[in-house]
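Heads up: the structure comes next, in structure tokens.
The values are calculated or read from the model by the stated rules, or taken from the named source; none is laboratory data. In this text, all values refer to a predicted model and were calculated from it rather than measured experimentally. Glycine also receives a Cβ, built like all others from the backbone with ideal geometry; neighbour counts cover every protein chain displayed.
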Amino acid sequence: MYMKINEALKDLRTELGLTQKEMIEKTNITVTHYSKMEKGQNRIFVEDLIEILDRRHISINYFFGKYFKDNEKNLNISEKLNEAFYEKNLVKVKRIKEQIFADRTSSNELKDRAILIINILSPNEAPLAIDKAMKDFFKYKNWTQNDNAITILSNSIRQNNLSSIKSLVLKLIKSYPNLSECTVSKQRKLITVGINYLYNSRKSHINLNNDVTIQILNWLKSMSNIPELGILKELYMYFLALYTGHNKIAENIKEVLKITGFENISEQLPN
């Protein structure tokens with residue numbers, strides 16, 4: 001029986017001699033949410049795990065090496081893929097992709113995500129990745145209600161396909177007009193779609209203030225004001241500042257992201 005991440009997190013906290021409140025000090029995570037994370041009742045997102053470890057001055061490599069060294073093959077393949085993506089380790093991502101495709105039980109969403117991550121880390125190596133992902137996307141019936149389909153859509157948004165993607169984003173907004181009425185997990189997926197569209201729209205420098213952009217900004221405003229969505233809230237505020245001409249505020253937000261451990265994200269944000 002291998003150790004799960006929630007169990008490893010609890011073991012680490014115990015080893016450090018910290019209470020749950022102390023473990024998440026200076027993070028965007030509430031004690032209630034963290035308690036459920038340790039119990040396995042709440043999903044542990046990669047960004048949350050990294051934030052907790054970073055505040056305790058513990059590298060993610062140390063964490064996985066200490067608690068999963070002997071059981072690496074049993075780690076959740078999706079979590080390993082996300083970890084490799086965060087590390088920008090293309091070699092590791094390719095190795096995980098081979099494992100995913102060798103496993104007949106792997107979902108199309110997981111396969112597409114692996115291909116898209118390779119596409120992001122090395123754009124020239126997977127030119128057909130997005131086409132493949134979108135073909136799988138359109139196989140989903142009632143796609144607006146399917147989390148895998150929403151994730152594929154989010155990962156497929158690029159500067160050169162904004163015009164074809166915008167109708168899908170607008171349909172998503174129509175299906176979920178008030179984000180705060182959704183679960184936190186669902187909000188994460190939906191908000192990421194909006195953020196990715198704004199990111200690529202700004203990168204393209206085309207139609208910066210079009211109606212779609214305005215609708216997305218208004219939509220993101222309805223997200224819940226809770227710590228669990230902290231980084232996504234910061235990104236929304238960044239793009240809101242940019243699109244409304246408050247460049248100084250945008251620069252301040254970038255600096256906050258750097259200070260709080262999101263330097264990679266800060267450096268990639270468009271001006």
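Tell me which residues, restricted to the range 162-214, are closer than 20 Å to PRO270 by Cα and part of a loop (DSSP other than H, G, I, E, B).
Correct list: HIS205, ILE206, ASN207, LEU208, ASN209, ASN210.
In the range 146-161, which residues are under 19 Å from LEU110 (Cβ atoms) and either part of a helix (DSSP H, G or I) or in contact with a strand residue (DSSP E or B) (Cβ under 7 Å, 6 or more places away or on another chain) (or both)?
ASP147, ASN148, ALA149, ILE150, THR151, ILE152, LEU153, SER154, ASN155, SER156
All but one of (1) buried (at least 17 other Cβ atoms within 10 Å of the Cβ); (2) over 20 Å from LEU229 (Cβ atoms) hold for ASN42; which doesn't?
(2)
Within the set of pairs 6+ apart or on separate chains, which have a first residue in the range 22-43 that is in the same structural domain as VAL256 (by TED's automatic domain parsing) and closer than 19 Å to LEU232 by Cβ, a second that is aliphatic (A, V, I, L, M) and surrounded by 12 or more Cβ atoms within 10 Å (Cβ to Cβ), and C-beta atoms under 8 Å apart?
Between residues of the range 22-43 that are in the same structural domain as VAL256 (by TED's automatic domain parsing) and closer than 19 Å to LEU232 by Cβ and residues that are aliphatic (A, V, I, L, M) and surrounded by 12 or more Cβ atoms within 10 Å (Cβ to Cβ), there is no close pair.
Would you check which residues across the range 215-250 are touching a helix residue (DSSP H, G or I) at 6+ places or on another chain (Cβ under 6 Å) and assigned to a loop (DSSP other than H, G, I, E, B) and list them?
Across the range 215-250, the qualifying residues are SER222, MET223, SER224.
Inspect the range 255-271 for any residue being closer than 23 Å to ILE24 by Cα, surrounded by 13 or more Cβ atoms within 10 Å (Cβ to Cβ) and over 18 Å from the mean Cα position of the chain (by Cα) and give the result as yes or no. If you could, list the steps in order and put the result at the bottom.
In the first step, residues of the range 255-271 are kept if they are closer than 23 Å to ILE24 by Cα; the result is 255-266.
From what is left, the residues that are surrounded by 13 or more Cβ atoms within 10 Å (Cβ to Cβ) are 256-258, 260-262, 265-266.
Narrowing the set further to residues that are over 18 Å from the mean Cα position of the chain (by Cα) leaves 256.
Yes, the conditions are met somewhere in the range 255-271.
State all residues of the range 219-248 that are modelled with pLDDT under 90, farther than 18 Å from SER201 by Cα and aliphatic (A, V, I, L, M); if no residue qualifies, say none.
Residues satisfying the conditions are ILE226, LEU229, ILE231.
Would you mind telling me which numbered condition in (1) modelled with pLDDT of 80 or more; (2) at positive phi ASN207 fails?
(1)
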